[in-house]
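J.: Sharing a structure with you now.
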Amino acid sequence: MKRTAPLLIASIAGFVMIVAYFIPKTQTWGEDVSVWFDILAAIAFILGGGNLLRVQLKKISDRRPGWGYALITLIAFVVMLACGLLKIGSHPNEQYPAFAWSGTYNQTGTPFWWMYEYLIVPLQSTIFAMLAFYVASAAFRAFRAKNVEAILLLGTAFVILLGRTAAGVFLTDFIPSDVLIENPTFLQHLVSTLRLENLTVFLMDIFNTAGNRAIMIGIALGTASVSLKILLGVDRSYLGSGED
Amino acid sequence: MFEFFRNLDRRWIFLMMFLCVAVPIFVIGKYKTTFPEKPLVLATNVFNEIDNLPDGSKVLLAFDYDPGSEGELGPMATAFTLHCIKKHHKMYFIALWPLGRQMIDNAVNRIIKADFPHLRYGEDYVNLGFKAGNEGVIKVIVTDLRKLYTTDSRGTATDEIPMMQGIENIQQMDLVINVSAGYPGTKEWVQYAVTPFPDRIRLVAGCTGVQAPLLYPYIPQQLPGLLAAIKGASEYESLVMAKYGGENISGKYLEAQRRMGPQLVAHLLMIFLIIAGNVIYFVERRRGVRQ
Amino acid sequence: MKPENRWWVILFAIGAVLLIARWFVLPGGFGRAYVRAVPQAVDAEHPDGQWVVYEQATMADYLEAERTNPDQSVYAPSPSRTLGTWIAAFLTLFVLSFVIRDNPLYKIAESIFIGVSAAYWMVTGFWDTIVPNLLGKLAPGLLRNWAVPGLGDDQHPELAYLIPLILGIMLLWRLSPVGGWISRWPMAFIIGTFCGLRLMSFLHADFLTQIRNTIVSLYVVDDGGGFDAWQSLKNLILVVGVLCCLVYFFFSLEHKGVVGNTARVGIWFLMITFGAAFGYTVMGRIALLAIRIEFLMDDWLWLIDPTNKRLLADAAGFFLPLFGMG
Amino acid sequence: MHNPIRWMGRWSVAPALVLLAALAIGGPCQPAWSQDPQPTAEPTTQEPTAEAPGEPAQASAPEEAAALPEEAGTEATADAASGRSESMQWVDEHIFDLDRGWLLLVVLIFCGSVVFWIAHARSGRPVKVRKIAGLEAVDEAVGRATEMGRSVLYIPGIQDINEIQTIASMTVLARVSRTAAEYDAKVEVPTSRSLVMTTARETVQAAYLSAGRPDAYNQDLIYYVTDEQFGYVAYLQGLMVREKPAACFYMGAFYAESLILAETGNSIGAIQVAGTAMPAQLPFFVAACDYTLIGEEFFAASAYLSGSPEELGSLKGQDMGKMIVGGLLILGVILTTLASATGSEVLQHFVDFLTQNVLT
């Protein structure tokens, strides 16, 4: 029972969704289930947040190395959570001043907003910005012409990089462009494509599109196959052992 | 010397990158010059799609990004908003990203409230806010906007908002503009809004550099115009400014063009690094063969 | 002192010296934030509003307002936002210091980030999902009297939303000492439904659409009715590329002989695809760094002023007569 | 005692086929589903062809119509579709979305071939598949971590469990942690979603059990960090430089963090194996990791790693899908080319039928 019931639930739920896809009246079930999922994921925050709290508290109570950082996390977490859930400092909605809870939790000027604006935003965008350093070091280290594949990889990246700047456009400006020619010939097209900005578009339009289409078709097949295996009960690793 | 480069500590690369970005920002910020921009066809298409609409058309602006990609997409959002204002379009803002709401607020505060205070909320623009559910939201609002948007982001019932009168779904929009940083984003708008209603919904988009290659397959049938990364933003911005900017353009409407400066220098650094890496590789290989 | 620590101390010393130098060399201070007071809920009873919301303003706004009316109280410097700007600036530097080496400052930034962001998402989940989509559907009356007074009167309880509630309770059951296995049921339900959904949506949207988009003519006729060799060639490359890449993904054929060669061409196409995506991405990443550095130089250090936030200060004549605000 | 997996498999294939068959007949035997048991789904008119009360379509401007000749074709077929008999119309509105008939056929063929090959493999006949380089590295990487006495870091992406990539990642995790249990290596799984944490715990516990070492399982190594993408990344890159795992696995849905993770992993000298179906992130993994499973290969990984013939059979089924693509593509291209070369209207009709009816 403990073992088969979840498998049955998954199979039935999945096949119902497949059938529903074809029946006009049930085609919106997918959206309903998405809403349910979001609710479920929000409820699951209790599990994740509870675990986070437990881990940090344990670090602090054990006085493990770095417990001070755990304390910082804990305080940040609790303060932010309290400010947001209790809507501290939030004014009511302008249209309903009598309802104290009617304001939004992230109103400008609230502590919650302040922490979002001055803690999360700078941290988030700075971590993201570190990618600028990493693309540089990756390009230096990994883009070496070891074989045909690597040459193609780095060559394309090189062309695109160059073609997307004013320098690249300037570099190949001497090549005649086909834009101003009426009914350009094949050769004129070909020559014009050698202009870096056109080459960029050509590579993106043709080669990149071809590669991406094949990848997307493959992904669609892979997704469908994995889904089907789960619905058929062939792949069940997500369910765990079935023991308690 | 060669040994130094061969075992180059990556922190030197980091330092070079930092300087290549910081120095141009400082210089351009000080002297307020930008590089001239030459708009390519995709940006021109975006401009024309918005510009050719009759004045006062209804435009849905979906801001599906967050502060993480503000550097790339913020200037696009600014230029889109300004362009719509100048064309007197009615702007309907929505967001599929939770933080997209803040991005809408930014645009409203920085542009509409600051420079065009005569525009009235509810008549010239409305912020419908964020709805969770990713592509599910798109699927619903293409046929029934009010099923999800019963209120705007301030909690005002949509029925009470003048410009929402008669709006049943987004097929009634004359154009959908999407600023997208990933999932859900332009791809989902194409799949779930344009694909089912190809002759009712027209979409143009601005996206990050990462996404651009994935969206090329949809051009031009489902997606007539696309601004790719800061370069696309800069091209479009220059078009908008050329037509509507006037004499004294405020610095905040030149953000993308300004940002092309560090872009250029940093690109040259990348190119230099790729070449340097390969020179080292070949010298190394030749020495290896000799030994 | 360990040599490594010595480097850090030197680095901090340099930073501190630069900051102090900034303070004295370029007068006028830096890193201050300004706000504009906007009265809210204004009505006949409350002509000045029932409360005030402070919106972001610039120094230029403030100086302009002061110039026209020295007694104005609409624009003012904001201590909390000034503090915020400084904290944001230091956190930015803390994170950037990681590229040199892991260090306690980065750890502080990291710890803060984990704490506040986990809480942020939980709060968002509660107010944006649980409240409107669960409570709002199950008990709209409660919400109308509490947090969403604008909720329409025609909203009645939708019992279908008991399902996610029950599933959620089952999910949380794992916290109880007995019967934790019950929490597998909602997981199975979720995974099952989404497998069904994705199976259909991927086959429908990606699979069929990509095939359809690739069906192109290899004999393109141009506007004048003639053969457009250039477009035809482009189409040919596209079709051949897609087919070769598909061959690469075949699992039941060894990559030998003809198949091997075709798959090889497929890999070439993939490599060009990846190279192109890489080149494109670089641009976005640099813009991200640029915006952080702009923040440091513009909002914090006031070294540059591209958007004329403080230009009036210069015009008013009591700031930076030497240089700094071109 | 019979093998429960086999039992389940046999049990599940039969109703699946029945369901598929029922679908094939067109749904009339399934009135229960169309009798919407949910009070939520209001009887909204969902069919896309519904006459919305809004303004007429925008594509009325002559230059736009000229620029998009395909649209005219779409309208034509839509008109043709609306010319259905009344009874068919009723069926279309209430029982079966006729516009999706061809989709049903494609789904049936694809699922049928996967089911067929699974059954084929189950009957004991050998299934041959080629090798994928990245997969052999999985065991090797875990082995090396054991030798060096360091941990293995497994990152299941940043999407929630409703993403198939995350589910596929759980299957790979099962294998990685089983190998780790056998070698007695430590696997650390920080997650960015609560539900993924829950599922990963189940998976890893089961893996330790099947490796015969349930006592070695430590659930504290699988924990939630934060939902925030870059908060999660900030934690991971700190963790990587401090703990220096010997092997890093990035399996699942990744976004911008891919390169941060791969470059940090590279700087600490870890063996890195990545697998994702996010096309935008593949270049970074390809450039910075030792092995990368590209798109479909990642989904195939679970089948390879499980080593069970049934799962390998499903790969054969996927290949059938690719054959369909190739066939349709070649057929379509030939038809289109002939149509435009000869100007034949009959051929053009075929092409329109293929692209606008079959492939929508």
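The values are calculated or read from the model by the stated rules, or taken from the named source; none is laboratory data. Bear in mind the structure is a predicted one, so any value in this text is a computation, not a measurement. For neighbour counting, all protein chains shown are included, and Cβ atoms are generated from backbone atoms with ideal geometry for every residue, glycine included.
J.: Regarding region D:323-334, can at least one residue be identified that is crowded, with 17+ Cβ neighbours inside 10 Å and within 22 Å of D:Thr276 (Cβ to Cβ)?
T.: For region D:323-334, residues crowded, with 17+ Cβ neighbours inside 10 Å and within 22 Å of D:Thr276 (Cβ to Cβ): present.
J.: Output the residues belonging to region B:8-41 that are more than 13 Å from chain C (Cβ to nearest Cβ) and either touching a Leu at 6+ places or on another chain (Cβ under 8 Å) or among the β-branched types (Val, Ile, Thr) (or both).
T.: If we filter region B:8-41 for residues that are more than 13 Å from chain C (Cβ to nearest Cβ), which is where we start, we get B:8, B:35-41.
B:Phe35, B:Pro39, B:Val41 - these are the residues of region B:8-41 that are more than 13 Å from chain C (Cβ to nearest Cβ) and either touching a Leu at 6+ places or on another chain (Cβ under 8 Å) or among the β-branched types (Val, Ile, Thr) (or both).
J.: Among the residues of region B:109-150, which ones are more than 10 Å from chain A (Cβ to nearest Cβ), free of Cβ contacts under 8 Å to residues at least 24 places away in the same chain and touching a helix residue (DSSP H, G or I) at 6+ places or on another chain (Cβ under 8 Å)?
T.: Result: B:Arg146, B:Thr150.
J.: Can we say C:Lys107 is within 27 Å of B:Arg10 (Cα to Cα), outside the structural domain of C:Ile293 (by TED's automatic domain parsing), in a helix (DSSP H, G or I) and of a type in the set (Lys, Arg)?
T.: For C:Lys107, the condition - within 27 Å of B:Arg10 (Cα to Cα), outside the structural domain of C:Ile293 (by TED's automatic domain parsing), in a helix (DSSP H, G or I) and of a type in the set (Lys, Arg) - is met.
J.: Also, quick follow-up: Could you please let me know if B:Val240 is closer than 21 Å to B:Ile85 by Cα, part of a helix (DSSP H, G or I), more than 7 Å from every other protein chain (Cβ to nearest Cβ) and β-branched (Val, Ile, Thr)?
T.: Taking the combined requirement at face value, the residue satisfies it.
J.: Looking only at helices (runs of 4 or more DSSP H) that lie completely in region A:163-244, which have at least 2 residues being at pLDDT 85 or above, hydrophobic (A, V, I, L, M, F, W, C) and over 30 Å from A:Ile18 (Cβ atoms)? Break it down into steps so the answer makes sense when it comes.
T.: On the way: elements: A:166-171, A:186-193, A:196-202, A:209-231.
Fully inside region A:163-244 and qualifying: A:186-193, A:196-202.
Residue-wise test of (1) among the acidic types (Asp, Glu); (2) assigned to a helix (DSSP H, G or I).
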residue	(1), (2)
C:Ile10	no, yes
C:Ala60	no, yes
C:Glu64	yes, yes
C:Ser73	no, no
C:Gly84	no, yes
C:Ser111	no, yes
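J.: Out of B:Val27, B:Val59, B:Val21, I need the residue that is touching a residue at least 12 places away in the same chain (Cβ under 8 Å), out of contact with any Cys (no Cβ under 7 Å at 6 or more places or on another chain) and either buried (at least 21 other Cβ atoms within 10 Å of the Cβ) or not in a helix (DSSP H, G or I) (or both). Which one?
T.: Details: B:Val27 fails: either buried (at least 21 other Cβ atoms within 10 Å of the Cβ) or not in a helix (DSSP H, G or I) (or both); B:Val59 fails: out of contact with any Cys (no Cβ under 7 Å at 6 or more places or on another chain).
One residue alone meets the criteria, B:Val21.
J.: Oh, and also: Within region A:116-154, take every residue that is buried (at least 24 other Cβ atoms within 10 Å of the Cβ) and not in a helix (DSSP H, G or I) and give me the one that is modelled with the highest pLDDT.
T.: By that ranking, first place goes to A:Met130.
J.: Condition test on C:Ile163, is it closer than 30 Å to D:Gln219 by Cβ, facing chain A (nearest Cβ under 8 Å) and crowded, with 21+ Cβ neighbours inside 10 Å? Working first, answer last.
T.: Working: closer than 30 Å to D:Gln219 by Cβ: yes; facing chain A (nearest Cβ under 8 Å): yes; crowded, with 21+ Cβ neighbours inside 10 Å: no.
So C:Ile163 does not fit the description; no.
J.: Please state which of the following conditions D:Glu136 fails to meet, knowing it meets all the rest: (1) more than 11 Å from chain C (Cβ to nearest Cβ); (2) of a type outside the set (A, V, I, L, M); (3) part of a helix (DSSP H, G or I); (4) within 29 Å of D:Arg193 (Cβ to Cβ).
T.: (4)
J.: Kindly indicate whether C:Thr209 is within 8 Å of chain A (Cβ to nearest Cβ) and among the β-branched types (Val, Ile, Thr).
T.: Values: within 8 Å of chain A (Cβ to nearest Cβ): no; among the β-branched types (Val, Ile, Thr): yes.
So C:Thr209 fails the test.
J.: With the condition kept exactly as written, say whether any residue in region B:202-216 is more than 30 Å from A:Ile215 (Cβ to Cβ), of a type outside the set (Val, Ile, Thr) and in a helix (DSSP H, G or I). Quick ask: steps written out before the conclusion?
T.: So in region B:202-216, the residues more than 30 Å from A:Ile215 (Cβ to Cβ) come out as none.
Scanning region B:202-216, I find no residue that is more than 30 Å from A:Ile215 (Cβ to Cβ), of a type outside the set (Val, Ile, Thr) and in a helix (DSSP H, G or I), so the answer is no.
J.: Looking only at residues that are part of a helix (DSSP H, G or I) and within 14 Å of chain C (Cβ to nearest Cβ) in region B:243-258, which one is surrounded by the most Cβ atoms within 10 Å (Cβ to Cβ)?
T.: Looking only at region B:243-258, we keep the residues that are part of a helix (DSSP H, G or I), and these are B:243-244, B:251-258.
After this cut, where a residue has to be within 14 Å of chain C (Cβ to nearest Cβ) as well, the list is B:251-258.
Details: B:Gly251: 16, B:Lys252: 19, B:Tyr253: 20, B:Leu254: 23, B:Glu255: 24, B:Ala256: 31, B:Gln257: 23, B:Arg258: 26.
Per the criteria, the residue is B:Ala256.
J.: On to the next question. Going through region C:264-284 one residue at a time, which ones are facing chain B (nearest Cβ under 8 Å), under 21 Å from the mean Cα position of the chain (by Cα) and not hydroxyl-bearing (Ser, Thr, Tyr)? Spell out how you get there, then give the answer.
T.: Of the residues in region C:264-284, the ones facing chain B (nearest Cβ under 8 Å) are C:273, C:276-277, C:280-284.
In the following step, the residues that additionally are under 21 Å from the mean Cα position of the chain (by Cα) were identified as C:277, C:280-284.
C:Ala277, C:Val282, C:Met283, C:Gly284, listed by residue number.
J.: Continuing with this model, one more query. Residues to consider are D:Gly275, D:Gly252, D:Gly265; find the one that is in contact with a Leu (Cβ under 6 Å, 6 or more places away or on another chain), more than 8 Å from every other protein chain (Cβ to nearest Cβ) and crowded, with 24+ Cβ neighbours inside 10 Å.
T.: Exactly one residue qualifies, and that residue is D:Gly275.
J.: Would it be correct to say that A:Gly50 is out of contact with any Phe, Trp or Tyr (no Cβ under 6 Å at 6 or more places or on another chain) and within 8 Å of chain C (Cβ to nearest Cβ)? Quick ask: steps written out before the conclusion?
T.: Numbers: out of contact with any Phe, Trp or Tyr (no Cβ under 6 Å at 6 or more places or on another chain): yes; within 8 Å of chain C (Cβ to nearest Cβ): yes.
So A:Gly50 passes the test.
J.: Could you list, in sequence order, the residues of region D:209-231 that are part of a helix (DSSP H, G or I), within 9 Å of another protein chain (Cβ to nearest Cβ) and over 24 Å from the mean Cα position of the chain (by Cα)? Please lay out each step first, then the result.
T.: Step one: filter region D:209-231 for residues part of a helix (DSSP H, G or I), giving D:209-210, D:214-216, D:219-221, D:229-231.
Now restrict to residues that are within 9 Å of another protein chain (Cβ to nearest Cβ): D:209-210, D:214, D:220, D:229-231.
Those that are part of a helix (DSSP H, G or I), within 9 Å of another protein chain (Cβ to nearest Cβ) and over 24 Å from the mean Cα position of the chain (by Cα): D:Leu209, D:Ser210, D:Pro214, D:Asp220, D:Phe230, D:Gly231.
J.: If you scan region C:236-263, which residues turn out to be farther than 17 Å from A:Ile219 by Cα, out of contact with any Phe, Trp or Tyr (no Cβ under 9 Å at 6 or more places or on another chain) and within 11 Å of chain A (Cβ to nearest Cβ)?
T.: Answer for region C:236-263, where residues must be farther than 17 Å from A:Ile219 by Cα, out of contact with any Phe, Trp or Tyr (no Cβ under 9 Å at 6 or more places or on another chain) and within 11 Å of chain A (Cβ to nearest Cβ): C:Leu236, C:Val239.
J.: Quick check on this structure: which one of B:Tyr236, B:Tyr218 is buried (at least 22 other Cβ atoms within 10 Å of the Cβ), more than 21 Å from B:Thr78 (Cβ to Cβ) and of a type outside the set (Asp, Glu)?
T.: Details: B:Tyr236 fails: more than 21 Å from B:Thr78 (Cβ to Cβ).
Only one candidate qualifies: B:Tyr218.
J.: Now a separate question. Would you confirm whether any residue within region A:55-70 is buried (at least 19 other Cβ atoms within 10 Å of the Cβ), in contact (Cβ under 8 Å) with a residue 12 or more places away in the chain and facing chain C (nearest Cβ under 8 Å)? Quick ask: steps written out before the conclusion?
T.: Taking region A:55-70 as the starting set, the residues that turn out to be buried (at least 19 other Cβ atoms within 10 Å of the Cβ) are A:56, A:59, A:69-70.
Narrowing further to those that are in contact (Cβ under 8 Å) with a residue 12 or more places away in the chain: A:56, A:70.
With the extra rule that they be facing chain C (nearest Cβ under 8 Å), the set shrinks to A:70.
Looking for residues that are buried (at least 19 other Cβ atoms within 10 Å of the Cβ), in contact (Cβ under 8 Å) with a residue 12 or more places away in the chain and facing chain C (nearest Cβ under 8 Å), one finds at least one in region A:55-70, hence yes.
J.: What pairs come out if I take residues in region A:25-41 that are more than 16 Å from C:Gly192 (Cβ to Cβ) and more than 9 Å from chain C (Cβ to nearest Cβ) and pair them with residues that are among the polar types (S, T, N, Q) and in a helix (DSSP H, G or I) whose C-beta lies under 6 Å away, six or more apart or interchain?
T.: The qualifying pairs are A:Lys25/D:Ser34.
Conditions (1) over 23 Å from the mean Cα position of the chain (by Cα); (2) within 7 Å of chain C (Cβ to nearest Cβ); (3) of a type in the set (D, E, K, R); (4) farther than 20 Å from C:Leu296 by Cβ, marked per residue:
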{"residue": "A:Leu86", "(1), (2), (3), (4)": "yes, no, no, yes"}
{"residue": "A:Glu94", "(1), (2), (3), (4)": "yes, yes, yes, yes"}
{"residue": "A:Pro97", "(1), (2), (3), (4)": "yes, yes, no, yes"}
{"residue": "A:Trp101", "(1), (2), (3), (4)": "yes, yes, no, yes"}
{"residue": "A:Thr110", "(1), (2), (3), (4)": "yes, no, no, yes"}
{"residue": "A:Gln124", "(1), (2), (3), (4)": "no, no, no, no"}
{"residue": "A:Ala142", "(1), (2), (3), (4)": "yes, no, no, yes"}
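J.: Would you pick out the residues in region A:71-95 that are free of Cβ contacts under 8 Å to residues at least 24 places away in the same chain, surrounded by fewer than 18 Cβ atoms within 10 Å (Cβ to Cβ) and outside any helix (DSSP H, G or I)?
T.: Matches in region A:71-95: A:Leu86, A:Gly89, A:Gln95.
J.: If you don't mind, there's one more thing I want to ask. Just checking, which of C:Ile215, C:Ile190 is on the phi < 0 side of the Ramachandran plot and more than 34 Å from the chain's Cα centre (by Cα)?
T.: On the way: C:Ile190 fails: more than 34 Å from the chain's Cα centre (by Cα).
Matching residue, one of C:Ile215, C:Ile190: C:Ile215.
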